Amino acid sequence: MSIPIRSVPLLEGEVARRFIKEAKANEKKRGTYKFSEEDKVTFCRIINDYKKYLENSENLESNLL
């Protein structure tokens, strides 16, 4: 037994124009985010902490060998 295929609704007229306009506007904004200064500071702190962690783990590893 199969499931009947439903027809895909078509946008027409003003609704279609508005949909296309909003889709194009969203495409231009895609992948953009404005970070606050606080976000930037936090990100830098996390990166620096991670670098220190890597340095320490390398030192510990070399001491074990």
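The values are calculated or read from the model by the stated rules, or taken from the named source; none is laboratory data. None of these values were measured; they are calculated from a predicted model. When we count neighbours, we look across all protein chains shown, and the Cβ atoms used for this are built from the backbone with ideal geometry, even at glycine. Each accessible area value is taken on the protein alone, full model and side chains, heavy atoms only, with ligands, DNA and RNA left out. Shrake-Rupley method; radii C 1.70, N 1.55, O 1.52, S 1.80 Å.
Please tell me if residue 47 is within 29 Å of the chain's Cα centre (by Cα) and aliphatic (A, V, I, L, M).
For residue 47, the condition - within 29 Å of the chain's Cα centre (by Cα) and aliphatic (A, V, I, L, M) - is met.
Just checking, does the range 10-19 include any residue being exposed (fewer than 10 other Cβ atoms within 10 Å of the Cβ), modelled with pLDDT of 85 or more, part of a loop (DSSP other than H, G, I, E, B) and of a type in the set (A, V, I, L, M)?
For the range 10-19, residues exposed (fewer than 10 other Cβ atoms within 10 Å of the Cβ), modelled with pLDDT of 85 or more, part of a loop (DSSP other than H, G, I, E, B) and of a type in the set (A, V, I, L, M): present.
Pick from 26, 48, 59: which is at pLDDT 95 or above and open to solvent by less than 100 Å² (accessible area, probe 1.4 Å)?
48
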